[in-house]
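The values are calculated or read from the model by the stated rules, or taken from the named source; none is laboratory data. All values reported here derive from a predicted model rather than from experimental measurement. Neighbour counts run over all protein chains shown; Cβ positions are idealised from the backbone, glycine included.
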Amino acid sequence: MRVAMIGTGYVGLVSGACLSEFGHTVVCIDKDDSKIAALEAGQIPIFEPGLDEVVKTNVAAKRLSFSRDLKPHVQNCDAVFIAVGTPSRRGDGHADLSYVFSAAEEVAAALDDSYTVVVTKSTVPVGTGRKVEDIIRKVRPGAQFDVASNPEFLREGSAIEDFRRPDRVVVGCDSERAREVMRELYRPLYLNETPLVFTSRETSELIKYASNAFLATKIAFINEMADLCEKVGADVQDVARGIGLDKRIGSKFLNAGPGYGGSCFPKDTLALLKTSEEAGARTRIVGAVVESNAERKLAMARKIEEAFGGDLKGKTVAVLGLTFKPNTDDMRDAPSLVIVPYLQERGAMVRAYDPEGMHEAAKHLSGLAFCADAYEALQGADGVVILTEWNEFRALDLGRVHKALKTPLMIDLRNIYRPAQMGAAGFRYVGVGRPPHAA
Ligand SMILES: NC(=O)c1ccc[n+]([C@@H]2O[C@H](COP(=O)([O-])OP(=O)(O)OC[C@H]3O[C@@H](n4cnc5c(N)ncnc54)[C@H](O)[C@@H]3O)[C@@H](O)[C@H]2O)c1
C-alpha cells in the first residue's frame, strides 16, 4: 500500500519506518527542513534505539523516503497519516490542534480523485476526527475519503519494538471500506495475532487518553505510597512488588520516583481534564493525579535541598540524567526542568551528565556545566543526584564515585541502588520511600 506520514517526529518517523518494514511504500513528510535534510543525508534527527537500522534498510529497499512537500505524495495514497504534535495550548491545558487542522487542510487540497483514508495518529481529543472530516469536506466537497482514528501507544526508548509487537492496535472508524484499508496496513501484525480493536472514532480517541491517564495514575499512586512509606518505615519497593504480583494490578508503572514527565502524560492528562470539564463529566481522579505529580517534582527538589542540610548556597551538585526517562533524548516536561532550576535558584552550582539528552537539555537549561561523563560530573561535587535511570548509572564504580565526590552523598531519585549497599560503601544515601538500611 502507499502511505504518506505527515509529521516526522518521534511518532511519525518510527511509524513510517516500521510501516515501510511491513512492506508498504511510505513517504515521511515534515515542514522542518533540518529534519528532512538530516534524514536525506542518512542521519536520524532523534535518539531512538534501533531506529537508524530500520530507516537505513528501508531507504535502501526504496520503500521509505522523505519530503518537505505534501502535495505530490498525498496523491495516489491509500492512507495519509497525520502524526503532527498536539502540545498543551498555552494557558489553558487544552490540546493545541492547530497543527492537526492545518495538516488536514493541506491534505484536503492535495487529495486526488481516488479513495483515501486520512488517519489521525496524533493524540487528539474526542471529536477531533469529526472536525478533521468537516475541514476536508469543506475544502474538497467531492473528495472520496474517510477519516479514521489510530492512536499510537509506542514508548520512546523502545518504540521500534512497541510498533512491531504492540499489545493491541486501536482503530476508530465508521466505514467498512476504511476498516479494510486499516486491516491491510496492519496485516503483518494481524498475522502475529495482535488484537486489532475496531471501535467508533470517539471511542478510539478516548482510549488513548484513558490509557495515558491510567498509567499516570499508577505512577502518582506509587509516589504517594513512597511518601507514606518514609513516614511509617515501610519499603515502597516491596509494596510495589507485593501489589504488582496481583495480576489485577500488574507490576508495570509502579516505580517510585521524581514524577512523570515526557511528551505525553503531562499534556494528555490536562487535555482529558478539559474534555471532561466541557462534557460535564468530572474526572476527579485525573485532577488529583495532575496535582499530585506537579507537587511531586517540587517535593523532590526540596528533598535534595534537605539532604544537603537545607542550604544549597555555594554547593556543587552533580546531576546524573536529565531526560524524562532513559533511552531517549526527549526533554519535554522532564522533572529535571523543575529540579535543576530549583537547585540553581538556591545557590547551587550544577554539573550534569546525560548520555543522550545534553544537546536538547542545553536548549532548556542554562547556567550549568555539561560534562563528558558521569565521573567528570562527580568531580569535586558535594553530592550526586540520580534523576534518570540510564543503564550506565546502574553500575557505577562506587570506589571511584566516593573518591570523586567531596562529600559522599547520593540522592537516588530512581532507587537504582540499595540503601544497605550504599551505607556499606561509605555513602550517605537518600532513596525514595525506602528505610535507611533496606537491602
Ligand atoms: N512521543 C511519544 O512518545 C508519543 C507516543 C504516542 C503518541 N504521541 C502523539 O503523537 C503526536 C506526535 O508526537 P511526537 O512526539 O512525534 O511530536 P514531534 O514534535 O516529535 O513531531 C511532530 C512533527 O510534526 C511536524 N509538523 C507539524 N505540522 C506539520 C505539517 N503541517 N506538515 C508536516 N509536518 C508537520 C513538526 O515539524 C514535527 O517534526 C502527538 O499528538 C503525541 O501526543 C506521542
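Tabulated values for the structure
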read-out	value
Cβ pairs under 7 Å, 6+ apart, first in the range 139-159 and assigned by TED's automatic domain parsing to the domain that holds ASN391, second away from the ligand (no atom under 16 Å from the Cβ) and not in a helix (DSSP H, G or I)	none
Answer residue from the range 47-72, given it is touching a residue at least 60 places away in the same chain (Cβ under 8 Å) and within 11 Å of the ligand (Cβ to nearest atom) and is farthest from ARG164 (Cα to Cα) among those	LEU70
Leading residue by the ranking (nearest to TYR10 (Cα to Cα)) among those in the range 32-46 that are assigned to a loop (DSSP other than H, G, I, E, B) and within 9 Å of the ligand (Cβ to nearest atom)	ILE46
Strands (runs of 3 or more DSSP E) wholly inside the range 56-174 that include at least 3 residues being over 17 Å from ASP268 (Cβ atoms) and touching a Ser or Thr at 6+ places or on another chain (Cβ under 9 Å)	64-67, 79-82, 145-149
Yes/no for THR116 being within 10 Å of the ligand (Cβ to nearest atom) and in the same structural domain as GLU184 (by TED's automatic domain parsing)	no
Test for GLY426: is it assigned by TED's automatic domain parsing to the domain that holds GLN237 and surrounded by fewer than 16 Cβ atoms within 10 Å (Cβ to Cβ)	yes
Helices (runs of 4 or more DSSP H) contained in the range 319-405 and holding at least 1 residues basic (Lys, Arg) and over 25 Å from PRO419 (Cβ atoms)	358-364
Residue list for the range 189-212, filter: at pLDDT below 95 and part of a helix (DSSP H, G or I)	LEU189, TYR190, LEU191
Selection status of GLU105, surrounded by fewer than 20 Cβ atoms within 10 Å (Cβ to Cβ) and more than 16 Å from the ligand (Cβ to nearest atom)	no
Of all residues in the range 147-188 being among the polar types (S, T, N, Q) and surrounded by fewer than 22 Cβ atoms within 10 Å (Cβ to Cβ), the one that is nearest to the ligand (Cβ to nearest atom)	SER158
Complete set of residues in the range 10-29 that are away from the ligand (no atom under 15 Å from the Cβ), free of Cβ contacts under 8 Å to residues at least 60 places away in the same chain and not in a helix (DSSP H, G or I)	THR25
